[in-house]
Amino acid sequence: MRMEDSDVKQEQLVSPVIRTFKLLRYLAEGGSSANLSDVGRRLDINRVTVMRLLATLEHEGIIEALPQGGHRLGLGFLTLASTALSEHDMLSAARRVLARVTQQTELSSYLTVLDGGQVLYLLAHTPQTPLVSNIRVGSRVAAHLTTPGRVMLAYRSADEVRALLGDEPLPTATEQSVSSYAQLDEMLAADRARGCAWSFSGFESSIDSCAAPVFDTAGQAIAALSVAGPTDRVRGSAALRESIEQAVRQGAADLSKLVGYAPELLRSAARAG
């Protein structure tokens, strides 16, 4: 719905912005801007204002001049539009990856990012069983307490980790949680060497978890894919844990291909969340 079609009070509307969008819609529909007076009459905008709007939009790359005269939507506009569409497509594809991992493991799966010293849960997919975890989309948890947080911290320097998490003692959630950097450093080194992280009641009692990092094209861990479920499900056998780890690793690798080229889309999704 356009702003003028809503019940927003007229005094809240910004006239130059309305005129700008009128002009953009006109160009998007194939209208010619070669004759400024004609454009002004069609849109009920002063000729000089049309000229200034066109010059400003061209300067910002939102429109571009045509050799034969007039303008068309430019790369800047198309980039804005494709970013919005790409974010939607990327998240839709990510949801499909999570659904597959959940189907393979029968565990809840999550896509997370670091937000300061916390993990932010962006997406989740749960199996057709009663939920056993308090984690939901939008949940924020101290990064060192969770497997997705650990696999992202594992690819940062010790100084970066300390800057993110603050002074000791580190907060704990269960008896299995670490509270010192000596413990955490050892754990992160093991996580990085293995390429994934496991937790057994490390954040929630009787809940086990496995996570693997999602990388961008520069090799930075920009997100993590994790699964979580009841201890009696996860600790059934070494073969079961191996199959869970394999599914998580493959899911994270697939997500790296999906979002690694455009980490800003994840940041945008995190801000929206």
Selection count, region 149-193, where residues are of a type in the set (A, V, I, L, M) and in contact with a strand residue (DSSP E or B) (Cβ under 6 Å, 6 or more places away or on another chain): 2
Those residues of region 205-225 which are surrounded by 20 or more Cβ atoms within 10 Å (Cβ to Cβ) and either basic (Lys, Arg) or outside any strand (DSSP E or B) (or both), in sequence order: none
Residues located in region 94-118, provided they are more than 25 Å from residue 240 (Cα to Cα), over 12 Å from the mean Cα position of the chain (by Cα) and not in a loop (DSSP other than H, G, I, E, B): 118
Any chance residue 114 is surrounded by 16 or more Cβ atoms within 10 Å (Cβ to Cβ), more than 19 Å from residue 212 (Cβ to Cβ) and out of contact with any Cys (no Cβ under 7 Å at 6 or more places or on another chain): no
Checking residue 189 against (1) surrounded by fewer than 13 Cβ atoms within 10 Å (Cβ to Cβ); (2) in a loop (DSSP other than H, G, I, E, B); (3) touching a residue at least 12 places away in the same chain (Cβ under 8 Å); (4) not basic (Lys, Arg), the condition it does not meet: (2)
Hey, residue 201 at positive phi and surrounded by fewer than 19 Cβ atoms within 10 Å (Cβ to Cβ) or not: yes
Where a residue in region 167-182 is assigned by TED's automatic domain parsing to the domain that holds residue 146 and touching a residue at least 12 places away in the same chain (Cβ under 8 Å) and its partner, wherever it lies, is surrounded by 11 or more Cβ atoms within 10 Å (Cβ to Cβ) and of a type in the set (Phe, Trp, Tyr), with Cβ under 6 Å and at least six apart: 173/203
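The values are calculated or read from the model by the stated rules, or taken from the named source; none is laboratory data. What you see is a predicted model, and the numbers here were worked out from it, not measured in a lab. Using ideal geometry, Cβ is built from the backbone for each residue, glycine included, and neighbour counts are taken over all protein chains shown.
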